[in-house]
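Report on one structure; see the data block that follows.
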Amino acid sequence: MLRLLVSTALAAGIAAAGVTGAQARELKVGAANVAKYLDPGRDHSNVGSQFYYNTFDTLIDKDHEKIGGEWRPGLATEWNLVSPKVMEFKLRQGVTFQNGEAMTADDVVFSLNRMYQATFPPYMVRSKDRLNNFEKAEKVDDYTVRITVKREEPLWETLVDLQQVMIIPEDYTKGLTGDPNVAEDSDYEAFSMAPVGTGPYAISEFSPGERVVYTRFDNFWGDKAPLEKVSVIHIPETASRITALKTGDVDMITNVAPDQLSLIEADPSIKAAGSVTPLFHVMIMNTNHPKLRDPRIRQALSLAIDRDALNEALWLGKAVVPSTHTMKEYGDLYMPELKTFEYNPEKARELLKEAGYDGFEITYDTDPVYYTNGLLAAQAIVEMWAQVGIKGKVNVAEKWTGNSKDMMTRNWSNPMYFADPFGSFGVMWAPDAASESEGRFTTDEAYRKTWDKFRFSKDVADRRAAYAELMDRIKQDPPVLPLYRPYESWAMRKDIAWAPKPGHIPYVLDFRAGAISFASN
């Protein structure tokens, strides 16, 4: 524990050093949620995704101003395939971690292999659902690293740019607990309470679930951070966040629903910036629940939901309702022509009759506040079910139930972790991915074969054809219904120029150089 406290203080001290009055500017953010731990490797939550980009770097970065993005150097200055299954990276020299350690190939290899060859259970989950093709990272010299994959990889840059393979310091991490020469599970747990990266802001204070404080790191290798200090504070209720903004207790707030925007627009001292989020709010269905094994029941649950009505009522028409599991960000794999999901209450009634539905109760689980409009959507969905003869009940609880055999249906979100169907649908419903590993979804050999074709084909046409096959399987035997891509807004003081960037994964609070500015007084 002493090492942990000393290292955290050191990071904060280095970050704050050298700031002049002219450069000094602080920002306070009222957030709907704050993470309970901070480790980019283990995290894939909407809450956690807000916090990593300010503090950590990947080998390959991209232009986040564009939907598709363009790859550009990060901690690696160049990269090239040296054989069909091996890519070599030349590392940027002169990079320093926020605790003062110089970054070398040893840190990069350690960071990558903690995910590629994971032994810490939370890392094993992330390794399995998106990094399973990566075999190992090896040091060539102090500034050269090679990564080896098991099969030829069509998504090299995309998967090296993931949040989960952001670079962390080896010696610091191993030294947090126990034997300083060995990476132990307790080291990773300790790291998640006192994280250190190479980015422009050090995390100088962290109260799990309550507060994250960034302080500018002046030894950052790139463009200096524009803010001296950023405090992100948990304010769970929307009304309280808006009040805090209006009274000046905070300068910016997250997760403002469209029906609250009039309160922002009526105040000349504040404003809002919003976008359709690269994420689906979804309804998931437990295909292995004894009452829901008949796919006709689940088809009816899906067909009974008027998603356009939900969009109008909850999002003022600003959300996007998909015809299938697809987003424009997928680029060549964007396939809106597929008609996987529809509203058809008459067909829902017919399917219920065919399946012999006898009026048993179907529960819909939801957290009270985690998802914007999540509880309201759950209540509306149960009312829509009633119109076709389904007896539904909303269960409200903060506990995650997606891994419970008793869960029947619930809300969830399906973010775009990277701009490819694999990075959204696949992370959740690929063979052995999140839904199957939690026991609510089961794949067969045919599904796995189609998935394999989609995942590893180099030809875009082949990938499109395979994805269409997968979507047809989802239509016939549904585990999920994408409800909509929500329109989320952030509100802020009038003098602040900030907006979510289209090339980021959902909810990233990007305060790097060029991402935020202030009107002159």
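The values are calculated or read from the model by the stated rules, or taken from the named source; none is laboratory data. Because the structure is predicted, anything quoted here is derived from the model rather than measured. Glycine also receives a Cβ, built like all others from the backbone with ideal geometry; neighbour counts cover every protein chain displayed. Heads up: the accessible areas ignore ligands, DNA and RNA and are worked out on the full protein's heavy atoms, side chains in. Shrake-Rupley method; radii C 1.70, N 1.55, O 1.52, S 1.80 Å.
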Taking the conditions exactly as written (among the aliphatic types (A, V, I, L, M), open to solvent by 10 Å² or more (accessible area, probe 1.4 Å) and under 23 Å from the mean Cα position of the chain (by Cα)), does residue 419 satisfy them or not? yes
Only residues that are part of a loop (DSSP other than H, G, I, E, B), open to solvent by 50 Å² or more (accessible area, probe 1.4 Å) and closer than 21 Å to residue 518 by Cβ: list them for region 261-293, please. 268, 269
Please go through region 313-347 and give me each residue that is surrounded by fewer than 14 Cβ atoms within 10 Å (Cβ to Cβ) and in a helix (DSSP H, G or I), ordered by number. 331, 332, 346
Being over 25 Å from residue 376 (Cα atoms), surrounded by 19 or more Cβ atoms within 10 Å (Cβ to Cβ) and within 21 Å of the chain's Cα centre (by Cα) narrows it down to one residue among 256, 232; which is it? 232
For residue 153: the one exception among (1) in a helix (DSSP H, G or I); (2) surrounded by 21 or more Cβ atoms within 10 Å (Cβ to Cβ); (3) acidic (Asp, Glu): (1)
State all residues of region 465-521 that are in contact with a Phe, Trp or Tyr (Cβ under 6 Å, 6 or more places away or on another chain), assigned to a loop (DSSP other than H, G, I, E, B) and within 28 Å of residue 303 (Cα to Cα); if no residue qualifies, say none. 479
Could you tell me whether residue 203 is assigned to a loop (DSSP other than H, G, I, E, B) and either open to solvent by less than 30 Å² (accessible area, probe 1.4 Å) or not β-branched (Val, Ile, Thr) (or both)? no
If you go through region 348-361 one residue at a time, how many are under 24 Å from residue 471 (Cβ atoms) and open to solvent by less than 80 Å² (accessible area, probe 1.4 Å)? 4
Of the listed residues (475, 405, 453), the one being charged (D, E, K, R), modelled with pLDDT of 95 or more, open to solvent by 10 Å² or more (accessible area, probe 1.4 Å) and in contact with a Ser or Thr (Cβ under 7 Å, 6 or more places away or on another chain) is 475
Give the residue that is surrounded by the fewest Cβ atoms within 10 Å (Cβ to Cβ), with candidates limited to residues of region 30-86 that are outside any loop (DSSP other than H, G, I, E, B) and within 14 Å of the chain's Cα centre (by Cα). 47
